[in-house]
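The values are calculated or read from the model by the stated rules, or taken from the named source; none is laboratory data. None of the values given here were measured: they were computed from a predicted structure. With ideal geometry, Cβ positions are generated from the backbone for all residues, glycine too; neighbour counts draw on all protein chains shown.
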């Protein structure tokens, strides 16, 4: 983990423990020790720490550059966004339960009263927010069949959930609503609320206008295999500046496909005039790509991501699974056209069948042009899933090499785990996350 | 790496079990239907404030929480006056 990412995590952890510190400061020497008071305080802490993490998730979804820099790529930012969102939900789930635990020894009926809606809207806001959060995060984590644009639309409602939670915090007869507005607890809750609201409204209202983007036109469309489309885009105005291996959010101005931005890896060399993306029909959106026409206008936002071989400076092993080859195609093209690059690169490209090896002729051509670049193919239907042992048998020496992995989640995790077992440091393993959902 | 999907799943199961038990036992264990207009004094900092029970309120805050007004029984209907009969 580099120091920027460590610093970013440090800031998140500090933000999360501030309410604990403020609560203890408010109690002074009168820290309660009885069961009822302890569960009550824990209930308050889980609520506020959960809300803090919830607010941070909105900031992470803004795609602001310095946040991307801190975490080493937008794909990593969204990974942290998911972890914090899930952790926030876990904490907030225990918030009402811990608050009612104090009633249970005397009367469970009192506890039940507390958990159910009443005529007090300050409490009801909290209940509605909790139910909404459970529902929306459940959709994100477990309902994988949901169409991407429906999921994305539903995910925006987490902003409404956050607003209801803020109303609950400030209106319910609790610590904050009874606190003086100049006291730490009140100020902290207000700051956290503003941070979260700022992130939410920026993402929903302003991000599409402010984020770096450019208009392109579809120059050519071709098939690169079963359900695999190659789309070449030519700029309508100033082209984007990008590095091979990065990705962009692409919005096709096509009524059949729908104008929803989707992330795709760039499969062309750095700063090429034309931009190439290669898409496999995996989801509901990508299956409709045959409806695209040459000349369609495309909005391209980005570039994002930090998946680039240049950050290494050592001999490298690239491991690609299936459609995960796309960022490597641009990187290989760049190496082929740049004789100054002296790093030795071995690309292990695995697919289920021979026909699934996308752009293999092109990669072989790059291999013939560059003596430092070698392509190794692995057909998993014939040889089984590729393992680090297989790679070691082919490449021989894995020591002092940098590893770049892109492909299905299982492949990435298995390879990473086995590399770490063989003593490869984590900071020499670079992975590109595929799905942001 | 933290498997957030599994962690959230486990937390949801615990939540549903605890929540379900509290509601089920809270409702089944009470002979009376739950009063929706519960006073909210219980949310203040006093861990053992049992004002939900409509006992004497013991707020720990500077701003005393108004005690809910007692439910005033509905006025009894006036007895119907006997029919006026013409004096015989």
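A few notes on this one:
- Filtering segment A:88-116 to residues that are more than 7 Å from every other protein chain (Cβ to nearest Cβ) and at pLDDT 90 or above leaves A:88, A:91, A:92, A:94, A:95, A:96, A:98, A:99, A:101.
- In segment A:117-126, the residues that are surrounded by fewer than 17 Cβ atoms within 10 Å (Cβ to Cβ) and either more than 10 Å from chain B (Cβ to nearest Cβ) or in contact with a helix residue (DSSP H, G or I) (Cβ under 9 Å, 6 or more places away or on another chain) (or both): A:117, A:121
- Among the criteria (1) closer than 18 Å to residue A:197 by Cβ; (2) in contact with a helix residue (DSSP H, G or I) (Cβ under 8 Å, 6 or more places away or on another chain), the one residue A:72 does not fulfil is (1).
- Among the residues of segment A:326-361, the ones that are touching a residue at least 60 places away in the same chain (Cβ under 8 Å), under 26 Å from the mean Cα position of the chain (by Cα) and within 13 Å of residue A:308 (Cβ to Cβ) come to 4 in all.
- Taking segment A:171-250 as the region of interest, the helices (runs of 4 or more DSSP H) fully inside it that hold 3 or more residues being more than 28 Å from residue A:17 (Cα to Cα) are A:207-210.
- Taking segment A:386-427 as the range and being under 29 Å from residue A:262 (Cα atoms) and free of Cβ contacts under 8 Å to residues at least 60 places away in the same chain as the test, the residues that pass are A:409, A:410, A:413, A:414, A:416.
- Residue in segment A:159-168 that is assigned to a helix (DSSP H, G or I), touching a residue at least 40 places away in the same chain (Cβ under 8 Å), within 30 Å of residue A:252 (Cβ to Cβ) and away from chain B (no Cβ under 14 Å) present: yes
- Lone unmet requirement of (1) at the interface with chain B (Cβ under 10 Å from one of its Cβ atoms); (2) modelled with pLDDT under 95 for residue A:152: (1)
- Options A:39, A:46: the member that is facing chain B (nearest Cβ under 10 Å) and out of contact with any strand residue (DSSP E or B) (no Cβ under 7 Å at 6 or more places or on another chain): A:39
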